[in-house]
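The values are calculated or read from the model by the stated rules, or taken from the named source; none is laboratory data. Keep in mind the model is a prediction, meaning the values are calculated, not measured. Cβ atoms come from the backbone with ideal geometry, glycine included; neighbour counts cover every protein chain shown. Protein only, heavy atoms only, side chains kept; ligands, DNA and RNA dropped before computing areas. Shrake-Rupley method; radii C 1.70, N 1.55, O 1.52, S 1.80 Å.
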Amino acid sequence: MSLTFHWFLPTNGDSRHVVGGGHGTPATASGRDRPPTVAYLSQIARAAEDLGFVGALTPTGAWCEDAWLTTAMVAQHTERLKFLVAFRPGFVSPTLAAQMASTFQRQTGGRLLLNVVTGGESHEQRAYGDFLDKDARYRRTGEFLQIVRALWEGKTVDLHGEHLQVADATLARVPDPVPEVYFGGSSPIAGEVAARHVDVYLTWGEPPAQVAEKITWIRKLAAEQGRSIRFGIRLHVITRDTSEQAWAEANRLLAGFDPETVASVQAGLARSESAGQQRMLALHGGGNREALEIHPNLWAGIGLVRGGAGTALVGSHDEVAERIKEYAALGIEEFVLSGYPHLEEAYWFGEGVLPRLEAQGLWQHPFPQTVASAQVPFAGTGSPR
């Protein structure tokens, strides 16, 4: 088995400091250090493609650029990289979404993956005109995916559901291949939706014991539906030639966290309705900077200023590779990674960790003909300095 790695497109801006935001909190000022222009995002995407990442996640929400539009533009500057486009089912009709996905597949040569985000914060949803409560949003997501998947199969759909209704819906051209659906959620109703409809269940970077519990839970639910699901994990990474160098970088980032900003972000996130966000907050103990390594090489510092994924793998290339193997042993097959700044950290991981996993038979480059491209700034020079 070859593990699959995805990178991240920072459509909320990039920096040598952590760019906060997400789950109803705005992006921090550091997001203006490197604005999310098509040119810069394309530079990251091309680096990820050369290094061997299969896809790149783009976030969704008021704190960042629109994922559909941005990836459609960046796709024109890449050749093989897929785009894991985050979108919210309540903001667009299922028939139109199915059509958009089909068009994206044809125009990019099949490079679309979909990350379905139900929406954990009611106040943010209301800004977009969505006034359903959280459980109702998940029930609507289930209806949405039921319609979209049927349309992708070439069926004509009539559905009069609790939240969605379509009549005589059909697609003139179905997508080929059908996009895989990624999805995350820690509440009971989220598990039900995942079991029925998704291809890959994503968890944020919790300690291995908690991740194992989630995998067991979702596997059981999926088996009851006669289905099997793959599993992925969303993490940041800080990997260097030595452990000391990696932790020095983590401490540099931590030193840049303004206490007032941390307090403001934590107060906002404490009001989150997301079960996954509450689990993230519990990991760093309310902001105790002295207890942020919550498992060997797993650091919860990012979550002090950023909503959503708040943990990072920190250590030497060998140590980070070992932690990846630990998660893989639990059943994690896909890793969605990021790091600040995203261009440089892609090279640290791609040139430092991936070759170690390859040597152990756990990974192989999906685009071997692009390796050692003349466009890779660090090719042949060892790890970036």
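Two-decimal Rg/Rh of the chain from alpha-carbon positions, Kirkwood Rh? When Rh is taken as the Kirkwood radius, the ratio is 0.94.
Normalised radius of gyration for region 36-181, please: alpha carbon Rg relative to 2.2 N^0.38 Å, two decimal places. Before the final figure, lay out each step's value.
Details: Rg = 15.9 Å, N = 146, 2.2 N^0.38 = 14.6 Å.
Rg over 2.2 N^0.38 Å, computed on Cα atoms: 1.09.
Cα axis of helix 243-255 to longest principal axis of the chain: angle in degrees, 0 to 90, nearest 10? Between the helix axis and the principal axis of the chain, the angle is about 70 degrees. Other residues with beta-carbon under 13 Å from the beta-carbon of PRO94 carry, at +1 per Lys or Arg and -1 per Asp or Glu, a net charge of +2.
Assuming charge only on the beta carbon of Lys and Arg (+1) and of Asp and Glu (-1), the dipole of region 99-150 about its Cα centre is about 280 debye to the nearest 20. Once the Cα atoms of helix 259-270 and of the chain are each reduced to a long axis, what angle between those two axes, in degrees from 0 to 90 to the nearest 10, is obtained? It works out to around 30 degrees.
Here the Karplus relation 6.51 cos²θ - 1.76 cosθ + 1.60, evaluated at θ = phi - 60°, turns the backbone of region 98-106 into coupling constants of 4, 5, 4, 5, 5, 4, 4, 4, 5 Hz, with x for every Gly and Pro. Across the accessible surface of the chain, with the other protein chains kept in place and a 1.4 Å probe, carbon and sulfur atoms take up 51 percent.
Whole-Hz Karplus values for region 143-158 come out as 5, 4, 5, 4, 5, 4, 5, 5, 5, 5, 7, x, 7, 8, 10, 10 Hz, taken residue by residue from phi with 6.51 cos²θ - 1.76 cosθ + 1.60 and θ = phi - 60°; glycine and proline positions read x. Straight-line cross-link reach from LYS214 at under 26 Å between alpha-carbon atoms covers these lysines, not counting any fewer than eight positions away in the same chain: LYS134, LYS325.
More than 15 angstrom separation, counting every C-alpha pair in region 286-366; what % is that?
Working: 2009 of 3240 pairs.
Here the long-distance tail beyond 15 Å is 62 percent of all Cα pairs in region 286-366.
Positive-end ranking of ALA56, GLY276, PRO89 along the dipole of the chain, with charges on Cβ about the Cα centre, is headed by PRO89.
To the nearest 0.05, how large is the calculated FRET efficiency for PHE131 and ALA267 if R₀ is 35 Å and r is the Cβ-Cβ distance? Working shown, then result.
On the way: r = 24 Å, r/R0 = 0.69.
With R0 = 35 Å, the Cβ-Cβ based efficiency is 0.90.
What do you get for trypsin sites (Lys or Arg not before Pro) in region 118-181 restricted to DSSP loop and a cutoff of at most 12 other Cβ within 10 Å of the site's Cβ? Before the final figure, lay out the partial values.
Values: sites: ARG126, LYS134, ARG137, ARG139, ARG140, ARG149, LYS155, ARG173; in loops: LYS155, ARG173.
Of the trypsin sites (Lys or Arg not before Pro), the ones in loops of region 118-181 whose Cβ has at most 12 other Cβ atoms within 10 Å are ARG173.
Counting pairs of Cα atoms in region 108-219, how many percent are more than 17 Å apart? Summing the P(r) of region 108-219 above 17 Å gives 62 percent of all pairs.
The 1.4 Å probe gives accessible areas that order LYS325, LYS220, LYS214, largest first, as LYS220, LYS325, LYS214.
Our Cα-only numbers for region 182-268 put the radius of gyration and Dmax at 17.7, 50 Å.
Helix 188-197 axis versus longest C-alpha principal axis of the chain: approximately 70°, rounded to the nearest ten. Annotation for LEU330 and HIS160: the two label points, set 7 Å from Cα along the Cα-Cβ direction, are 4.5 nm apart.
Taking the chain as a Gaussian network of alpha-carbon nodes connected by springs under 10 Å, the highest mean-square fluctuation of the residues GLY154, GLY142, GLY22 belongs to GLY154.
Relative to the present Cα-Cα distance, how much length would full extension add between TRP217 and ALA248 at 0.36 nm per residue of separation?
Values: separation 31, 0.36 × 31 = 11.16 nm, distance 3.70 nm.
Extra length available between TRP217 and ALA248 comes to 7.5 nm.
Once each of the chymotrypsin sites (Phe, Trp or Tyr not before Pro) sitting in a DSSP loop with at most 15 other beta-carbon atoms within 10 Å is removed, the chain keeps 132-385 as its longest stretch.
Ellipticity at 222 nm from helices only: DSSP H runs of n ≥ 4 in the chain, each -39500 (n - 2.57), divided by the residue count, give -12500 deg cm²/dmol.
Which value, in nm² and rounded to one decimal, describes the direction-averaged projected area of the C-alpha convex hull of region 199-320?
Values: hull surface 32.6 nm².
Computing the convex hull of the Cα atoms and averaging its projections yields 8.2 nm².
The magnitude of the dipole of region 1-155, with charges of +1 and -1 set on the Cβ of Lys/Arg and Asp/Glu and taken from the Cα centre, is near 220 debye. One compactness figure for region 1-59 is 1.23, namely its Cα radius of gyration divided by 2.2 N^0.38 Å.
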